[in-house]
Number of protein chains: 2
Amino acid sequence: MDYQAYFAGRREQQLNELKEWLSIPSISAISAHKPDVNKAAAWLAETLKRAGLEHVEVHETTGHPIVYADYLHAPGKPTVLVYGHYDVQPVDPLNLWETPPFEPTVRDGKLFARGATDDKGQVFLHIKAVEAILAEEKSLPVNIKFCIEGEEEVSSPSLPPFLEANREKLAADVVLISDTSLIEKGKPAISTGLRGLCSLEIALHTANTDLHSGSFGGGVPNALHALVELLASLHDQNGRVTVDGFYDDVQELSAEMREEFKKQDFNEEKLKNDLGLTTLFGEEGFSFVERTGARPTLELNGVYGGFQGEGTKTVIPKEAHAKITCRLVANQNPQDILDKIERHLLAHIPAGATLDITPGERAFAFNIDPSHPMLQKAADAYERVYGTRALFTKDGGSIPIVETLSRVLSAPAVMMGFGLPDENLHAPNEHFNLENFDKGLLTIVEYLKLI
Amino acid sequence: MDYQAYFAGRREQQLNELKEWLSIPSISAISAHKPDVNKAAAWLAETLKRAGLEHVEVHETTGHPIVYADYLHAPGKPTVLVYGHYDVQPVDPLNLWETPPFEPTVRDGKLFARGATDDKGQVFLHIKAVEAILAEEKSLPVNIKFCIEGEEEVSSPSLPPFLEANREKLAADVVLISDTSLIEKGKPAISTGLRGLCSLEIALHTANTDLHSGSFGGGVPNALHALVELLASLHDQNGRVTVDGFYDDVQELSAEMREEFKKQDFNEEKLKNDLGLTTLFGEEGFSFVERTGARPTLELNGVYGGFQGEGTKTVIPKEAHAKITCRLVANQNPQDILDKIERHLLAHIPAGATLDITPGERAFAFNIDPSHPMLQKAADAYERVYGTRALFTKDGGSIPIVETLSRVLSAPAVMMGFGLPDENLHAPNEHFNLENFDKGLLTIVEYLKLI
């Protein structure tokens with residue numbers, strides 16, 4: 001079979017199909033987009049059916065639907081469960097998008113749209129790979145199940161109970177996930193680790209009303225002064241988190257792990273230039289890939305209070321807000337970290353302020369041994385298509401459900417990513433390089449045939 | 001003449017008239033409101049004419065118009081120039097207003113609307129006082145000029161050149177201004193000092209795009225981390241400004257000045273309770289009235305960066321912003337203070353960030369000797385109406401143009417305020433106590449007859 005020719009002949013049609021999906025603003029975090037999320041799920045179910053999948057279901061949850069489908073006609077062969085998500089991140093600041101986030105556009109060999117690489121574009125590859133094999137060979141070399149959710153960007157609240165309730169139906173020998181990245185163009189990678197996550201929002205209040213800075217300035221607390229003082233206490237000047245006990249359960253890097261990171265031969269100078277940074281920044285004594293792959297973080301994702309409009313407003317704000325997320329590694333327990341941050345915040349409340357803390361998500365880090373045959377065969381599949389064997393890396397991002405999937409289904413998770421690190425996921429101008437669209441299709445076909 | 005009866009008989013009609021003016025959203029800082037600012041100026045001109053004033057002009061400027069009117073038929077008598085402003089502050093956060101800011105509403109003897117006390121309501125008193133005397137006595141005991149601007153809330157850029165160009169026309173023996181407050185209900189005050197002002201906006205940039213906190217977190221600078229670190233460096237934990245040289249030109253409080261402040265017998269406990277503060281807050285060793293009357297400040301009026309929407313967004317923001325104003329006292333030079341702040345900020349830029357500083361307004365503090373006869377007679381007028389002599393205070397707010405008016409016209413400025421300190425000026429639910437509406441009308445009539 002010449003799958004390269006097969007896909008080449010259908011490229012424009014398949015891209016148009018993907019664009020249709022990408023044009024649905026399925027932002028799971030924003031409740032006004034609920035109808036769009038449903039529409040994206042229905043589109044997915046329809047597309048799975050047209051690809052030849054069976055038992056296609058849109059499973060309603062208390063949140064957004066989970067789409068299931070299978071094709072189980074290879075007795076004695078392994079069963080692959082493809083996991084992915086059809087929901088996307090919010091899009092603000094909208095004015096920084098060169099083309100609107102939900103009007104997919106190809107420029108310079110890249111498909112620009114919210115969700116292009118995270119994760120609709122990558123899920124789409126699996127559907128089209130299965131469709132191709134079925135079209136060309138009238139059967140699949142494995143049993144396959146799709147389980148595609150609509151709540152990954154809001155920490156997958158509905159999937160764990162769905163997994164628990166459907167262990168038999170979802171049972172698999174491997175969980176296959178494309179929601180990560182190559183190291184760089186032409187250098188494929190299989191992630192053997194994902195960071196965990198916990199999140200919280202804080203609000204400081206100082207008065208029952210905003211106050212005039214003339215009449216009151218200098219004599220009353222200012223919620224913004226309190227907030228910047230409190231937030232500044234969370235890191236030292238080198239970016240190390242100062243929360244007591246934050247690093248207790250972090251695994252020190254072994255010489256072996258450091259060697260593995262070095263193999264990536266990551267170009268820090270290029271990253272710096274690409275992102276317009278004056279310097280990389282983070283904990284002393286670690287490289288960029290170590291910092292993002294094996295070290296935890298505490299990041300301010302949003303801070304706001306007071307006047308943001310045009311001009312000057314001489315106001316003393318009565319309240320101020322911050323949104324915080326931590327990336328966790330190794331044995332860090334997300335609840336324990338939330339508790340430690342809360343203790344730090346309570347111990348550092350500035351005079352005159354009261355503090356509200358709203359904890360949010362909690363997810364453990366995930367790690368897998370790269371010597372597992374399902375991972376080794378994935379590296380082989382990449383080699384056949386990319387001409388170079390995939391490296392085993394640790395990814396800085398979190399796919400909170402991976403740890404759950406692997407644990408509940410007792411199956412290894414293979415993170416076969418086709419994104420690139422600079423594709424602006426979660427940011428304006430998200431895109432997907434079409435070179436990896438093409439090679440991703442072929443790599444998945446190879447993998448399904450190899451295992 | 002029984003002016004009390006005169007005003008009582010016209011109260012509802014006059015309030016309705018004022019409500020009409022207050023319903024025009026003349027927000028000078030927001031360019032989209034330009035037509036409303038013009039409308040408020042036209043309304044004012046029309047009302048001055050109807051009150052009997054002559055030579056009414058709407059003087060166009062490069063910004064918002066200045067409205068002039070006069071009545072000069074008392075040869076040998078003093079000339080009073082009434083200064084005030086018809087522009088208002090922005091209204092956000094709109095959701096905190098109990099009734100819409102531009103739908104004036106009377107509740108509990110208070111008139112709620114943006115501009116009710118700052119300053120349309122207080123300007124209105126002067127027009128109606130003059131109208132009353134003209135109606136009752138067919139002449140005025142003084143010569144009077146009105147000069148009411150539309151740019152006070154944006155630091156009066158057009159008025160100084162207008163004053164310079166019209167010294168003769170505006171010449172006066174006293175500048176009369178009602179844009180300040182009583183100390184509290186029943187305790188009138190004449191402000192003998194106003195704080196100066198300078199403002200700036202800062203922006204920190206760390207990258208050319210927002211970044212995913214998973215892929216990059218821990219390895220790149222975060223603009224919000226940089227911002228909170230930089231802003232936290234501006235104060236110590238007691239609220240004292242740490243900018244080098246900030247207090248150099250501040251006058252130390254003499255025993256005499258402290259005595260004057262003590263006379264106000266200011267109820268700090270009541271203020272704390274009224275504003276829902278857990279504690280008053282500010283420089284050690286000063287009372288509230290000293291902190292706001294005789295000490296400078298550096299206040300964060302707005303801070304923002306990153307995600308502010310519903311839910312979580314795991315983003316590392318590429319930029320972060322702050323709006324800052326300082327209240328200045330005594331001999332502090334606003335440009336000098338801006339320079340010192342800039343030096344501080346440049347010396348404290350966190351690693352990985354670049355800093356943009358946009359300086360804004362600059363105004364000197366104003367002070368006048370309370371023994372001046374024009375001030376003593378104002379205290380007498382208050383005494384006749386309120387039954388208690390006005391105290392001479394220092395006001396924490398800034399009316400940048402007062403220093404200019406007094407200097408250019410070589411006349412004392414009498415700040416005869418009728419607001420109350422808790423009337424939420426510059427905040428949601430601004431209002432004007434109608435007791436002071438009534439007494440304000442009578443006090444102005446008394447004053448014009450006394451001088």
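Bear in mind that the values in this text are calculations on the coordinates, not laboratory data. What you are looking at is a predicted structure, and each value in this text was computed from that prediction instead of being measured. When we count neighbours, we look across all protein chains shown, and the Cβ atoms used for this are built from the backbone with ideal geometry, even at glycine.
Here are the numbers for the structure shown:
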{"item": "Kirkwood Rh and Cα Rg combined as Rg over Rh, evaluated for the range B:27-89", "result": "1.05"}
{"item": "Using alpha-carbon coordinates, inclination of helix A:223-232 to the longest axis of chain A, degrees", "result": "60"}
{"item": "Relative contact order of the range B:1-153, pairs being alpha-carbon contacts under 8 Å that are 6 or more residues apart, as %", "result": "32"}
{"item": "Average beta carbon contacts from partner chains per residue of A:393-403, 10 Å cutoff", "result": "2"}
{"item": "Violating pairs (Cα-Cα greater than 30 angstrom) within the set A:Lys39/A:Lys340; A:Lys120/A:Lys318; B:Lys19/B:Lys187; B:Lys318/B:Lys340; A:Lys270/A:Lys313; A:Lys313/B:Lys263", "result": "A:Lys39/A:Lys340; A:Lys120/A:Lys318; A:Lys270/A:Lys313; A:Lys313/B:Lys263"}
{"item": "Convex hull (Cα only) mean projected area of the range B:344-451, reported in nm² to one decimal", "result": "10.6"}
{"item": "The range A:397-451: GluC sites (Glu not before Pro) in DSSP loop, at most 11 other beta carbons within 10 Å", "result": "none"}
{"item": "B:Thr206, A:Thr388 arranged by Cβ crowding within 10 Å, fewest neighbours leading", "result": "A:Thr388, B:Thr206"}
{"item": "Inter-chain Cβ neighbour average for residues A:357-364, partner chain, 10 Å", "result": "1"}
{"item": "Cut-off 20 Å, label 7 Å out along Cα→Cβ of B:Glu435, residues of the range B:395-421 by amide N", "result": "B:416-421"}
{"item": "Mean residue ellipticity (222 nm) of the protein assembly as shown, computed from DSSP H runs ≥ 4 via -39,500 (n - 2.57), nearest 500", "result": "-10500 deg cm²/dmol"}
{"item": "Rel. contact order, % - alpha carbon contacts under 8 angstrom, at least six apart, the range A:333-449", "result": "24"}
{"item": "Convex hull volume per residue in cubic angstrom - Cα atoms of the range A:108-191", "result": "149"}
{"item": "B:Lys19 versus B:Arg389: modelled label distance in nm, points set 7 Å from Cα along the beta carbon direction", "result": "4.1"}
{"item": "Shortest-first distances to equivalent copies, position B:Asn238, nm, label 7 Å out along Cβ", "result": "3.3"}
{"item": "Gyration tensor (Cα) of chain B, equivalent ellipsoid semi-axes in angstrom", "result": "41, 24, 21"}
{"item": "Relative contact order [Cα under 8 Å, 6+ residues apart], chain A, whole percent", "result": "25"}
{"item": "Other protein chain Cβ atoms within 10 Å, averaged over every residue that makes up A:259-266", "result": "0"}
{"item": "Likely footprinting exposure, A:Ile368, A:Ile357, A:Ile127, fewest C-beta neighbours within 10 Å first", "result": "A:Ile357, A:Ile368, A:Ile127"}
{"item": "Pseudo-label separations to other copies for B:Lys262 - Cα-to-Cβ vector, 7 Å, nm", "result": "7.5"}
{"item": "Translational diffusion of the range A:87-230, µm² s⁻¹ [Kirkwood Rh, Cα pairs; Stokes-Einstein; 10 °C; 1.306 mPa s]", "result": "77"}
{"item": "Label point 7 Å beyond Cα along the C-beta direction, distances from A:Glu435 to other copies (nm, shortest first)", "result": "7.8"}
{"item": "Fraction of the pair-distance distribution of the range A:203-272 above 15 Å, Cα-Cα pairs, percent", "result": "74"}
{"item": "Cβ charges +1 (Lys, Arg) and -1 (Asp, Glu), total dipole of the range A:203-267, debye", "result": "300"}
{"item": "Most positive-pole-ward Cα, A:Val315, A:Asn367, A:Cys326, against dipole of the range A:287-397 from beta carbon charges", "result": "A:Asn367"}
{"item": "Distance between modelled label sites at B:Met257 and B:Lys138, nm, 7 Å Cα→Cβ extension", "result": "5.2"}
{"item": "Ranking of A:Lys77, B:Lys263, B:Lys313 by count of other Cβ atoms within 10 Å, fewest first", "result": "B:Lys263, A:Lys77, B:Lys313"}
{"item": "Cβ-derived FRET efficiency at R0 25 Å, A:Thr62 paired with A:Glu103, nearest 0.05", "result": "0.20"}
{"item": "Alpha-carbon Debye profile of the protein assembly as shown, log10 I(q)/I(0) at 0.06, 0.07, 0.11 Å⁻¹", "result": "-0.52, -0.66, -1.14"}
